[in-house]
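Notes for the one structure printed next.
The values are calculated or read from the model by the stated rules, or taken from the named source; none is laboratory data. Since this is a predicted model, take the numbers as computed values, not measurements. Every residue, glycine as well, gets a Cβ built from its backbone with ideal geometry; the counts of neighbours run over all protein chains shown.
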Amino acid sequence: MSKILLQLREIKKTFQSGKVIYEILKGINLEVEKGEFLAIMGPSGGGKSTLLNIIGLLDRPTSGSYLFENREVSTLSTNELAKLRNEKIGFVFQAFHLIPWATAQENVLLPLLYRGKIDQEDIYRAQGLLDRLGLKNHINLKPAELSGGQQQRVAIARALINNPSLLLADEPTGNLDSQSSREVMDILTELNKEGLTIIIVTHDSEVAKRANRIKILKDGLFIE
Amino acid sequence: MTLITLKLSFGGIFYKKLRLFLSVLGIIIGVSALLVMNTFGESAKVKTMQEIETFGPEILMVVSGQARVRAGRAIQAEQTTALKLEDAQALRKISAIQLISPLYTGSSIVRYLGKNISTVVQGVNEEYIKLRKFSLIEGRNFLKDEVTGFKKVAILGYKVKRELFGEEKAEGQHILINKLPFTVIGVLEPIGVDASNQDQDDQVLIPITTAMSALFNVDYISGIFISVYKPELVPLIEKQVDEILLKRHRVSPKEKGFNIIKAEDILKFRTEASSLFSSLVQSISILCLIVGSLGVTAIMLLSVNERRREIGLRLACGASRRAILKQFLIESMVISLWGGFIGLFIGLLGILVFLPLLKYPLVLPWKPIIVSTGLTIFFGLLSGIYPAYKASKIDPAILLKGL
């Protein structure tokens, strides 16, 4: 069994706007091992979001090869990518992105909607996850009734419900105060210690310090 | 499908109530208009048929003057004096004629114990009541002797009897018609307005001879009612009647002072009028539904735009584009159906209130209900296609822009 979870080779991404072609990623090489905690830092406009979109299978590279669990994924169809996202990847976003009309528990169960049916066992699992993240008394509350930190913990539970191989976090503490930030980072660190591979994109060097490895992306290339 | 699946799939529909109501409003108006108008059309048809039935398919009517069928009713345009009592007697020779009655129509003041009413007085013979298939709820028909003997006897229409006598028995009582004393010998059952546009309850029948001599002093009649043995014989008899009368009057067909009307003519004009009405109404209601579904389209587009992040999130969580397409198609269908059902409810309410109010027969509008429900589903689907397509094309990458 290989230790490598994902491998990017010469990944390039270009956008065309009118006659001008922008090269956002200029040849990214990256290997992430299972169980790693990687932080990607860098200035705005450096290509962090684009890279995260490609790693998260939300977007395809213009050229280059992307092996995810030893499978070439850069050429998969939209539906195959959706299926892979559903089974293998959990997302945590800066703005939480919870559905406002659904309760915490229902939000956690959302990814399972696209896997098949939701049964009682899934509901127990969602409750278990929320319980573990300290939201035992909040499972039936709507996002608007929760604090920012609580909302982000619901989002983490949602990312974990499918037992993903990879957790992608995009500025997970960007909208939080320092206290909540610490709590969320504690959770991510703990999850990593249990073996979950995490890639986090951040501006905050305090947050990045929690990772095992830091990569800095500037002008479409890793500079260290 | 469990409750939670259902909620996660379609919970968004009911999130913004005002938005939902606005999008549903057009559909509600369209469906209720469609239902009410179609039911009115059906009801009008039933009403027409009921009226035509009082003027059976085996009945011919010869009227003096040029009669016109206007708005489905036989209306005498101008009265001439061409038609005589002898014409009616001459027509009796046609063997296929079953019953025949001359008719003179005038209006008079009828009086009983100080109560005066103005009503229509019809001079007829003893065959008239049988010919028109009227029944008597009191008394008896004219005797042949009474008709030939200029007797002053009268049969009252139901409404006339009620107004003059109330609940009392009218038979055997004496009334004054234009100051002449008449004996009431019978009362007609309630009949209503017939295809000749006359309220058959607001009339008094007297012998034709009495009407022409004693009451109105005329030597002509207004018309002749003829019934034949079989409806199939009507065209043949119509031709024979025409020929005999032309010969008797010694005029060319262009100058003839009479006109022959049969049930078929009235039915034909009535059907044309009502089909014009219902096609007009149907186009208006379908227009309403189109406008309504455009409303749903607009609101759905707004909703898709407002819920970009939710859609992006669903895509990131592994929803296929087809699943998003399906979700929004079903959402607009649910919205349309919801509006459709409210529209049906309001429409039914309108029908139950307005049909009896306008004295239209209450018909069960199954066909309009099925048609409007079907159209709602169709337009709901139609209105959802473009917004759903837009939703399925949303790029999940927007989630990472920190929005």
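Points to keep in mind about this one:
- Being closer than 28 Å to B:Asp242 by Cβ, polar (S, T, N, Q) and either crowded, with 20+ Cβ neighbours inside 10 Å or more than 17 Å from the chain's Cα centre (by Cα) (or both) is a property that does not hold for B:Ser23.
- Within the range A:41-66, the residues that satisfy the criterion of being hydrophobic (A, V, I, L, M, F, W, C) and within 12 Å of chain B (Cβ to nearest Cβ) are A:Leu51, A:Leu52, A:Ile54, A:Ile55, A:Leu57, A:Leu58.
- Among the residues of the range B:237-265, those that are closer than 26 Å to B:Pro57 by Cβ and either out of contact with any strand residue (DSSP E or B) (no Cβ under 8 Å at 6 or more places or on another chain) or without any contact (Cβ under 8 Å) to a residue 60 or more places away in the chain (or both) comprise B:Lys239, B:Gln240, B:Asp242, B:Glu243, B:Ile244, B:Leu246, B:Pro253, B:Lys256, B:Glu264.
- Listing of helices (runs of 4 or more DSSP H) fully contained in the range A:104-220 that carry 1 or more residues being away from every other protein chain (no Cβ under 12 Å), surrounded by fewer than 21 Cβ atoms within 10 Å (Cβ to Cβ) and β-branched (Val, Ile, Thr): A:178-193
- Inter-residue pairs, beta-carbon under 9 Å, first within 17 Å of B:Gly30 (Cβ to Cβ) and in the same structural domain as B:Ala44 (by TED's automatic domain parsing) and in the range B:266-283, second in a helix (DSSP H, G or I) and among the charged types (D, E, K, R), 6+ apart: B:Ser278/B:Glu42; B:Ser278/B:Lys45
- Residue in the range A:90-103 that is surrounded by 14 or more Cβ atoms within 10 Å (Cβ to Cβ), assigned to a helix (DSSP H, G or I) and either at pLDDT below 95 or not polar (S, T, N, Q) (or both) present: no
For (1) under 25 Å from B:Glu138 (Cα atoms); (2) part of a loop (DSSP other than H, G, I, E, B); (3) touching a Lys or Arg at 6+ places or on another chain (Cβ under 9 Å), each residue gets a yes or a no:
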{"position": "B:Pro181", "(1), (2), (3)": "yes, no, yes"}
{"position": "B:Ala214", "(1), (2), (3)": "no, no, yes"}
{"position": "B:Ser227", "(1), (2), (3)": "yes, no, yes"}
{"position": "B:Glu232", "(1), (2), (3)": "no, no, no"}
{"position": "B:Glu238", "(1), (2), (3)": "no, no, yes"}
{"position": "B:Lys247", "(1), (2), (3)": "no, no, no"}
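- Condition check for A:Lys83: within 14 Å of chain B (Cβ to nearest Cβ) and at pLDDT below 90: no
- Of all the listed residues (B:Phe40, B:Phe10), the sole one being modelled with pLDDT of 80 or more and within 14 Å of chain A (Cβ to nearest Cβ) is B:Phe10.
- If you go through the range B:342-382 and keep only what is among the hydrophobic types (A, V, I, L, M, F, W, C) and either more than 21 Å from B:Glu42 (Cβ to Cβ) or not assigned by TED's automatic domain parsing to the domain that holds B:Leu20 (or both), you end up with B:Ile342, B:Ile377, B:Phe378, B:Phe379, B:Leu381, B:Leu382.
- Test for B:Val371: is it outside any helix (DSSP H, G or I), in contact (Cβ under 8 Å) with a residue 60 or more places away in the chain, among the β-branched types (Val, Ile, Thr) and more than 14 Å from chain A (Cβ to nearest Cβ): no
- Test: residue in the range B:347-358 that is within 14 Å of chain A (Cβ to nearest Cβ), β-branched (Val, Ile, Thr) and either surrounded by 23 or more Cβ atoms within 10 Å (Cβ to Cβ) or not in a helix (DSSP H, G or I) (or both): no
- If you go through the range B:284-340 and keep only what is surrounded by 19 or more Cβ atoms within 10 Å (Cβ to Cβ), out of contact with any Gly (no Cβ under 8 Å at 6 or more places or on another chain) and within 11 Å of chain A (Cβ to nearest Cβ), you end up with B:Arg309, B:Ile311, B:Gly312, B:Leu313, B:Arg314, B:Leu315, B:Cys317, B:Gly318, B:Ala319, B:Ser320, B:Ile324, B:Gln327.
- Applying the condition of being in contact with a Leu (Cβ under 9 Å, 6 or more places away or on another chain) and assigned to a strand (DSSP E or B) to the range A:67-86 and asking which residue is farthest from A:Gly56 (Cα to Cα) yields A:Arg71.
- Residues of the range B:13-37 that turn out to be within 11 Å of chain A (Cβ to nearest Cβ) and either among the β-branched types (Val, Ile, Thr) or at positive phi (or both), as a count: 1
- Lone unmet requirement of (1) under 15 Å from the mean Cα position of the chain (by Cα); (2) without any contact (Cβ under 8 Å) to a residue 60 or more places away in the chain for A:Gly64: (1)
- Taken over the range B:261-304, the residue count meeting the criterion of being of a type in the set (D, E, K, R) and not in a helix (DSSP H, G or I) is 1.
- Screening the range B:218-266 for residues that are surrounded by fewer than 21 Cβ atoms within 10 Å (Cβ to Cβ) and of a type in the set (Phe, Trp, Tyr) and picking the one that is nearest to the chain's Cα centre (by Cα) gives B:Tyr229.
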